[in-house]
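In what follows, a single structure is set out as structure tokens and then discussed.
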Amino acid sequence: MTTTPTSTLNTATGATHAAILGIGAYRPSRVIPNSEVVEAIDSSDEWIQQRSGIKQRRWATAEETVQVMSVAAARSALEHAGVDARQIDAVVVATVTHMLQTPAVATAIAHELGTDQAAAFDISAACAGFCHGVALASDMVRGGSAGHVLVIGVERLSDLTDVGDRGTAFIFADGAGAAVVGPSDAPGIGPVVWGSDGEQFDLIRQREDWRDVLASDQPVMPHLVMQGNPVFRWASYAMAKIGQQALDRAGITVDELDCFVPHQANMRIIDAMARAMKLPDTVRIARDIAEQGNTSAASIPLALDRMIAEGDARSGDTALLIAFGAGLAYAAQVVTVP
Ligand code: UT7
């Protein structure tokens, strides 16, 4: 049925192009080497390095809350972008470890940063959350619903990790990364390729829902559980195709790509994707996982921040971002490095 409007509405129009204008990161102070996690899971430093590439990870202290880490990462992204907090019209926080069901942590972060009552909301897309946020921000800036958007990926996965679980205890970690997305003279964020495969909903999940936990005589934290190997196989092969589609949609060939910044889940997945996409040796690849572990929604901005700091990603470089995780959910886009 076609609705005939009784009056004509104004619609918003935004900037012609959007880009990431600045990146920031916060790494928690506690460095946890493999030697500190192996005993509880009957593992070894050698096994963990061989199977995942992880040498150490960062776990937050009690003071390093989701909000504290987010505000620190956001402040450095704003500084990098040369944008004042009052210019931010929307704060989008990708996280699965803000432990209050409501309200969204984004409103507290927006307030602490000193935005002028920016729109603020959380999104739940697990490890793919940051790329979902960048896609939304790009559309918001171009659609006219925001001038500048702050996208934050933040996790305290140590709160939801069972230190005795062999499948996850050595992988998950904490941290925050942020990006300021705003108007730009040239296109700086390519079309997103995103999707989900809910048939694989149970492969990575919180073990039980809170009502089932509370119904138990002896409630225990409903930790994250993961069937690692099927996720590994899915990520290594299916995600390379998604990365290629993101390149195609942006009109970029692998020879024109400067940086590859995949979700930092496992070094072997990173290598398998790079091989499957036939990335030339000239493409610099993010390998933050070795020092930082898997920080879910925070992993891509943390990895990109390190590449920028170490000179592996330079302003104007073309970078492919690709993220995947619980849901299963995924998202990829090509961006210009700020
Ligand atoms: O961020 C969201 C997305 N997440 C991911 O992408 C994670 C994807 N998955 C992975 O990274 C990998 O599956 C893991 C690193 C978690 C595991 O590596 P894997 O090569 O898939 O190992 P596996 O589970 O197939 O286990 C291989 C062997 C088994 O022994 P047998 O049956 O071959 O004798 C396991 O019992 O390794 C054993 N094993 C361990 N040994 C030492 C499993 N976990 C451990 C451990 N330490 N922690």
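The values are calculated or read from the model by the stated rules, or taken from the named source; none is laboratory data. Fair warning: this is a prediction, and the values are worked out from it, not measured in the lab. Every residue, glycine as well, gets a Cβ built from its backbone with ideal geometry; the counts of neighbours run over all protein chains shown. The accessibility values were calculated without ligands, DNA or RNA, using every heavy atom of the protein model including side chains. Shrake-Rupley method; radii C 1.70, N 1.55, O 1.52, S 1.80 Å.
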Q | Residue among Glu256, Glu310, Glu112 with the largest mean-square fluctuation in a Gaussian network model of the chain, springs linking Cα atoms under 10 Å | A | Glu310
Q | Label point distance in nm, Thr4-Arg86, each placed 7 Å from Cα along Cα→Cβ | A | 4.9 nm
Q. What's the local net charge at Met221, with K and R +1, D and E -1, over the other residues with C-beta under 11 Å away?
A. -2
Q) Assuming R0 = 51 Å, what is the FRET efficiency of Phe121 and Ser44, from their Cβ-Cβ distance, to the nearest 0.05? A) 0.75
Q: Mind computing the radius of gyration and Dmax over the alpha-carbon atoms of the chain? Å is fine for both.
A: 19.7, 70
Q) Given the C-alpha centroids of segment 274-308 and segment 76-100, what is the distance between them in whole angstrom? A) 22 Å
Q. Quick one: if the Förster radius is 35 Å, what FRET efficiency do Arg207 and Glu63 give, using the C-beta to C-beta distance and rounding to 0.05?
A. 0.80
Q) Helix 299-309 versus the longest principal axis of the chain: what is the Cα-based angle in degrees, 0 to 90, to the nearest 10? A) 80 degrees
Q) Taking springs between alpha-carbon atoms closer than 10 angstrom, which of Pro301, Pro103, Pro219 fluctuates most in the Gaussian network model of the chain? A) Pro219
Q) Semi-axes of the equivalent ellipsoid of segment 17-184: what are they in whole Å, largest first, if each equals the square root of 5 times a C-alpha gyration tensor eigenvalue? A) 32, 15, 14
Q: Would you compute, from DSSP H runs of 4+ residues alone, the mean residue ellipticity of the chain at 222 nm, taking -39500 (n - 2.57) per run and dividing by the full residue count, rounded to the nearest 500?
A: -9000 deg cm²/dmol
Q. Using only Cα atoms, what is the ratio of the radius of gyration of segment 153-251 to 2.2 N^0.38 Å?
A. 1.45
(Q) So if I place +1 on the C-beta of Lys and Arg and -1 on the C-beta of Asp and Glu, and nothing else carries charge, what would the dipole magnitude of segment 193-336 be about its Cα centre? I want it in debye, nearest 20. (A) 220 debye
**Q.** Magnitude of the charge dipole, the chain, Cβ model with Lys/Arg +1 and Asp/Glu -1, debye to 20
**A.** 500 debye
Q. Relative to the longest principal Cα axis of the chain, at what angle does helix 129-143 sit, 0 to 90 degrees, rounded to 10?
A. 0 degrees
Q) With every protein chain present, what is the per residue accessible area of the chain (1.4 Å probe, Å²)? A) 45 Å²
Q: Run the accessible area of the chain with a 1.4 Å probe and give the carbon-and-sulfur part as a rounded percent.
A: 49 percent
Q) With the chain treated as a Gaussian network of Cα nodes joined by springs under 10 Å, which of Ala125, Ala176, Ala250 yields the largest mean-square fluctuation? A) Ala250
Q: Find the percent of Cα-Cα distances in segment 193-336 that exceed 24 Å, and round it to a whole number.
A: 34 percent
Q: Note down the nm distance, to one decimal, between modelled labels 7 Å out along Cα→Cβ at Ser315 and at Ala186.
A: 1.3 nm
